[in-house]
Structure formats: C-alpha cells, structure tokens
Amino acid sequence: DIQMTQSPSSLSASVGDRVTITCRASQSISYYLNWYQQKPGKAPRLLISAGSGLPGGVPARFSGRGSGTDFTLTISSLQPDDFATYYCQQGYSSPWTFGQGTKVEIK
Amino acid sequence: QVQLVESGGGLVKPGGSLRLSCAASGFTFSDYFMNWIRQAPGKGLEWVSDINSFSSYTNYADSVKGRFIISRDNAKNLLYLQMTSLRAEDTAVYYCARDLRLSGQNWFDPWGQGTLVIVSS
C-alpha cells in the first residue's frame, strides 16, 4: 500500500497569511494526488484534483503543485472560511490512501 | 444538483450486522464507480470499498475484507454496504462518495453527509 504523510499535523495562522501544507508519498504517484477540505461535523470536499486541478466553485487562492512523491497545497491568502482540516489522497493505485490530515487553526 | 444521502447507521453490538444505504441523485448513477470511506471519531479518513458501474468489480480494504460487502442497484440509484462481524474498531462515520476516474487516476467528488455506526455492547 502507498503511505501518505502530511506535514505539519497542525498549524496556526492568521487571516491573510500564506499557508503551505506538504504531502509525501511512499512511492512515486506521478501527479495523481488530490486534496480535500473538511470542516468540523461536515463531509470532506474536493479541493484539488490530479495534483493541480481546481474544481468549479473552489476559490483561486487554493493551488496544488508537485509530482512523483512530493506535493504541496498552498492557500495564498488565508480567509476565515479556510480554517479546517486538509487531507491529501493518492489516486494512483488501490487501496486509495489518505494522509493523516493537517488542521489549520486561527492564530 | 449532485447529491448523495447515506442512511442505516446506528448502535450495534460487537459481532452484529448492519446495512448502510446511499441514495444518489442528480447524475447518471450507473456511469460511475462508487466508494465507501469511513472516519473513526477524531481520526482521519480510511477508504473502505469500491464498486464499478456494473458490479463486476469490487475491492476492499484489508481491515474489512471478508466481513463487508459492497453492492449497488442501478435501477434504484442505491449503493449499499453490508457489514457483518462488526468490531469496536469499525465505529466511524461512513461516507459514500462518487469516484471520478480519468486516465487511470481517481478522486472522490462529491461525498454524502455520512452516517454514524457505533459498535458497542
């Protein structure tokens, strides 16, 4: 199975900050990496697909980069609605696996 | 709009069984792979199982293999998860999610709101 490791596990940031979350795969997954946002008590929501694809309705302040084993999710200017937990997921091979999550909290 | 609504969760004793359902609407259900993904209280996401459009392919996480069965009824736009021999560690919110596959890769969009399964005596 492909292991996904996110860092950091949590971070504190202020509105307007630039935030970057890292996800590393235990083997190369090409660009087959997705990001999800989850707010407390809610279902996850797709944020980034295939490494850098932005689904409709996702604000342009979110961006994804990377290929191979190393990937990043960047929020260019953190907004109050962005305080949540973020998960990466590899879409390269089954079983589909997720990172452990990164909780973004208000400083 | 595209919507997934899970039901069937509840409290069950260890060793018991439960069947979850997921009602799909707003898209052509029979065109898509579908998945079950779970989240234990305060924990991360764990993929559980998937099924292809025509039910000819199913796959399971090792943690549930031999105990859970995924199925679907395309005529009724319903996805199911039959869970047997339940254990305390199966306690989680269970989400159904549509699987979007392109060029060999996948992602999950959208997700249902989830249904809570508690396994406890």
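Hey, among the residues in the stretch B:1-34 that are part of a loop (DSSP other than H, G, I, E, B) and free of Cβ contacts under 8 Å to residues at least 60 places away in the same chain, which one's surrounded by the fewest Cβ atoms within 10 Å (Cβ to Cβ)? Walk me through it before giving the result.
First pass over the stretch B:1-34, keeping only residues part of a loop (DSSP other than H, G, I, E, B): B:1-2, B:8-9, B:13-17, B:26-28, B:32.
Remaining after also requiring free of Cβ contacts under 8 Å to residues at least 60 places away in the same chain: B:1, B:26, B:28.
On the way: B:1: 6, B:26: 11, B:28: 10.
Only one residue tops the list, namely B:1.
What number of residues within the stretch A:54-71 are farther than 14 Å from residue A:37 by Cα and either under 12 Å from the mean Cα position of the chain (by Cα) or open to solvent by 40 Å² or more (accessible area, probe 1.4 Å) (or both)? Step through it out loud before you land on a result.
Going through the stretch A:54-71, the residues farther than 14 Å from residue A:37 by Cα turn out to be A:56, A:60, A:65-71.
Next, only the ones that are either under 12 Å from the mean Cα position of the chain (by Cα) or open to solvent by 40 Å² or more (accessible area, probe 1.4 Å) (or both) stay: A:56, A:60, A:65-67, A:69-71.
Final tally of qualifying residues: 8.
Would you mind telling me which numbered condition in (1) under 20 Å from residue B:101 (Cα atoms); (2) in contact with an Asp or Glu (Cβ under 7 Å, 6 or more places away or on another chain) residue A:12 fails?
Against the list (1) under 20 Å from residue B:101 (Cα atoms); (2) in contact with an Asp or Glu (Cβ under 7 Å, 6 or more places away or on another chain), residue A:12 comes up short only on (1).
Residues are listed down the side, and each one gets a yes or a no for (1) within 22 Å of residue A:77 (Cβ to Cβ); (2) open to solvent by less than 30 Å² (accessible area, probe 1.4 Å); (3) among the small types (Gly, Ala, Ser):
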{"residue": "A:17", "(1), (2), (3)": "yes, no, no"}
{"residue": "A:28", "(1), (2), (3)": "no, no, yes"}
{"residue": "A:33", "(1), (2), (3)": "no, yes, no"}
{"residue": "A:38", "(1), (2), (3)": "yes, yes, no"}
{"residue": "A:50", "(1), (2), (3)": "no, yes, yes"}
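Tell me, please, whether a residue that is away from chain B (no Cβ under 14 Å), closer than 21 Å to residue B:112 by Cα and over 11 Å from the mean Cα position of the chain (by Cα) can be found in the stretch A:3-26.
Checking the stretch A:3-26: not a single residue is away from chain B (no Cβ under 14 Å), closer than 21 Å to residue B:112 by Cα and over 11 Å from the mean Cα position of the chain (by Cα).
Yes/no per residue for (1) at pLDDT 95 or above; (2) open to solvent by less than 40 Å² (accessible area, probe 1.4 Å); (3) within 14 Å of another protein chain (Cβ to nearest Cβ):
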site	(1), (2), (3)
B:42	yes, no, yes
B:51	yes, yes, yes
B:56	yes, no, no
B:70	yes, yes, yes
B:75	yes, no, no
B:85	yes, no, no
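For the subset of the stretch A:39-68 comprising residues that are in contact with a strand residue (DSSP E or B) (Cβ under 6 Å, 6 or more places away or on another chain) and basic (Lys, Arg), which member is nearest to residue B:41 (Cα to Cα)?
Going through the qualifying residues, I end up with A:45.
Within the stretch A:43-107, which strands (runs of 3 or more DSSP E) (wholly inside it) include 3 or more residues that are more than 10 Å from chain B (Cβ to nearest Cβ) and either at positive phi or touching a residue at least 40 places away in the same chain (Cβ under 8 Å) (or both)? Reasoning before the result, please.
Working: elements: A:45-48, A:62-67, A:70-75, A:85-90, A:102-106.
It comes to A:70-75, A:102-106.
Which members of the stretch B:91-121 meet the condition of being outside any strand (DSSP E or B) and open to solvent by less than 20 Å² (accessible area, probe 1.4 Å)? Spell out how you get there, then give the answer.
Applying the first criterion (outside any strand (DSSP E or B)) to the stretch B:91-121 yields B:91, B:103-104, B:112-114, B:120-121.
Of everything in the stretch B:91-121, those that are outside any strand (DSSP E or B) and open to solvent by less than 20 Å² (accessible area, probe 1.4 Å) turn out to be B:112, B:114.
The values are calculated or read from the model by the stated rules, or taken from the named source; none is laboratory data. Source: prediction; values computed, not measured. Note that each Cβ is placed from the backbone with ideal geometry, even for glycine, and that neighbours are counted across all protein chains shown. Just the protein is used for accessible areas: all its heavy atoms, side chains included, with ligands, DNA and RNA removed. Shrake-Rupley method; radii C 1.70, N 1.55, O 1.52, S 1.80 Å.
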